[in-house]
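Undergrad: Pasting a structure here, questions to come.
The values are calculated or read from the model by the stated rules, or taken from the named source; none is laboratory data. Everything numeric here is computed off the predicted structure, so don't read it as measured data. Here Cβ is always computed from backbone atoms with ideal geometry, including for glycine, and neighbour counts include all displayed protein chains.
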Amino acid sequence: MGTKRNIFHGCHRLAWGALGPIALTVLFPLTGVAQVAPVSEPAGHHRLEGVPPTALTPDQGEEADQVPSESLPVPPESEPLPLAQPSQARSSLQDSPPINQRLGNPADRDPSLPKIKNPFTDVISLPLQNNLNFGVGPDQQLQNIFNLQPVLPLSLGEDLLLVTRTIVPVIAQPHPRDSGTTWGLGDLNPTFFVVPHPRPDLTWGVGPSFILPTATDPRLGTGKWSVGPAATVLVNSGPWIYGGLMGQVWSIAGDAQRPAVSQFVAQPLIHYNLARGWFLISSPVISANWNAAGERWTLPLGGGGGRVFALGSQSVSASAQFYWYALKPANAPDYSLRVVFSLLFPR
């Protein structure tokens, strides 16, 4: 136990050392909401929905979300490109949600699983989230967005925590008429929640969210530095966990040739624990691109299920969710399949 605890603390410090410089460098010119995705551009541009052009992310959002949505600006081409979904590229609670999930009910939980009172503050999680977006662009193509979303709760005192959540999207953006695919890194989306007086039944936090123009191709990001407020609330009540995350980001610097960013992201969460670690979950990444000339909102409907279990001594969570877009901008996906595999490390 002592060795395992030391390993956890070592990973904890190492991760903070890696994220700390990002927070300070960008200190307040960051972009993205916990799970926010690039915003769509004004008329004449395409946007990515839920994915960087696609971050409580998400996505989104997550599945930004997208979390989990919005669209990305399109490079100067005679024909618009399919949009990636921002909410998915930034999911927040979105299926990074293994952090928001309890490891089963005490009476039904597999004895090999650790006992966790608060899933948001008591667990270091490393979610690996993949979003398959169907029906993207005028040619109804397939887009893929993979999000690495580490969540780290760091103690700032006896009754104060800093929960960091960073979304690192890797995007496969199809070109019109099946003329190829652009692969690369999207915009980085770190979010920091200050959580006062964390309790097993109620957790809330507020803090800044940033979007960094780290995309390796104009098709995969906004080209802007963005920043804004984010907030999250989670309630544990018997087998239920519910709450959500929301945030708004505005661009403050970046490529003057790219459209300004003003994006809202909300990610509600409904999670119901079943026996033996199984659970049902719905965590859509809802977004609004306030600068869009056409449809501003992205509204996915759906959900799925999963299970928390042990692989040897390692606790993991796996889930799958399917969403249909009731509202969406042009060129955004019609459907989305989100699959998440998370490594869980109780603190």
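Here's the yes/no breakdown for (1) modelled with pLDDT of 90 or more; (2) among the small types (G, A, S); (3) in contact with a Phe, Trp or Tyr (Cβ under 8 Å, 6 or more places away or on another chain):
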residue: L160; (1), (2), (3): yes, no, no
residue: T164; (1), (2), (3): yes, no, yes
residue: I167; (1), (2), (3): yes, no, no
residue: R177; (1), (2), (3): no, no, no
residue: T182; (1), (2), (3): yes, no, no
residue: D187; (1), (2), (3): yes, no, no
residue: F193; (1), (2), (3): yes, no, no
residue: H197; (1), (2), (3): no, no, no
residue: P200; (1), (2), (3): no, no, no
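Undergrad: Return yes when N291 is over 16 Å from V265 (Cα atoms) and outside any strand (DSSP E or B) and no when it is not.
TA: no
Undergrad: Quick one: count up the residues across the stretch 294-328 that are part of a strand (DSSP E or B) and either of a type outside the set (A, V, I, L, M) or closer than 19 Å to G238 by Cβ (or both).
TA: 20
Undergrad: Which pairs do you get when a residue that is under 16 Å from Q321 (Cα atoms), found in the stretch 133-151, comes within reach of a residue that is assigned to a strand (DSSP E or B) and of a type in the set (S, T, Y), reach meaning Cβ atoms under 8 angstrom, with the pair 6+ apart or on two chains?
TA: N133/Y335; N133/S336; F134/Y335; F134/S336
Undergrad: From the list L245, L220, L234, pick out the single residue that is buried (at least 23 other Cβ atoms within 10 Å of the Cβ), in contact with a Pro (Cβ under 9 Å, 6 or more places away or on another chain) and more than 30 Å from P174 (Cβ to Cβ). Working first, answer last.
TA: Values: L245 fails: more than 30 Å from P174 (Cβ to Cβ); L220 fails: more than 30 Å from P174 (Cβ to Cβ).
The unique qualifying residue is L234.
Undergrad: Step by step: first the residues of the stretch 257-288, then only those that are assigned to a strand (DSSP E or B) and either touching a helix residue (DSSP H, G or I) at 6+ places or on another chain (Cβ under 9 Å) or charged (D, E, K, R) (or both), then the one that is farthest from F345 (Cα to Cα). Which residue is that? Outline the logic, then answer.
TA: Taking the stretch 257-288 first, the residues assigned to a strand (DSSP E or B) are 262-273, 278-282, 286-288.
Subsequent filtering for residues that are either touching a helix residue (DSSP H, G or I) at 6+ places or on another chain (Cβ under 9 Å) or charged (D, E, K, R) (or both) retains 263, 265, 267, 269, 271, 281, 286-287.
On the way: Q263: 32, V265: 28, Q267: 24, L269: 22, H271: 20, I281: 21, I286: 29, S287: 31 Å.
Among them, the one singled out is Q263.
Undergrad: Restricting attention to the stretch 169-198, report how many residues are among the acidic types (D, E) and on the phi > 0 side of the Ramachandran plot.
TA: Selection size over the stretch 169-198: 1.
Undergrad: Does at least one position in the stretch 274-286 carry a residue that is buried (at least 18 other Cβ atoms within 10 Å of the Cβ), basic (K, R) and either touching an Asp or Glu at 6+ places or on another chain (Cβ under 9 Å) or more than 20 Å from F210 (Cα to Cα) (or both)?
TA: no
Undergrad: Going through the stretch 241-273 one residue at a time, which ones are closer than 14 Å to G303 by Cβ and hydrophobic (A, V, I, L, M, F, W, C)?
TA: Across the stretch 241-273, the qualifying residues are I241, L269, I270.
Undergrad: Kindly indicate which of A292, A260 is at pLDDT below 95 and farther than 26 Å from V339 by Cβ. Break it down into steps so the answer makes sense when it comes.
TA: Values: A260 fails: at pLDDT below 95.
Selected residue: A292, the only one of A292, A260 that is at pLDDT below 95 and farther than 26 Å from V339 by Cβ.
Undergrad: May I pose another question? Among the residues of the stretch 285-311, write down those that are among the hydrophobic types (A, V, I, L, M, F, W, C) and within 18 Å of the chain's Cα centre (by Cα).
TA: Listed by number, the residues that qualify are V285, I286, A288, W297, L299, L301.
Undergrad: Evaluate the stretch 300-311: report whether one residue or more is touching a strand residue (DSSP E or B) at 6+ places or on another chain (Cβ under 9 Å), of a type in the set (F, W, Y) and under 29 Å from F264 (Cβ atoms).
TA: no
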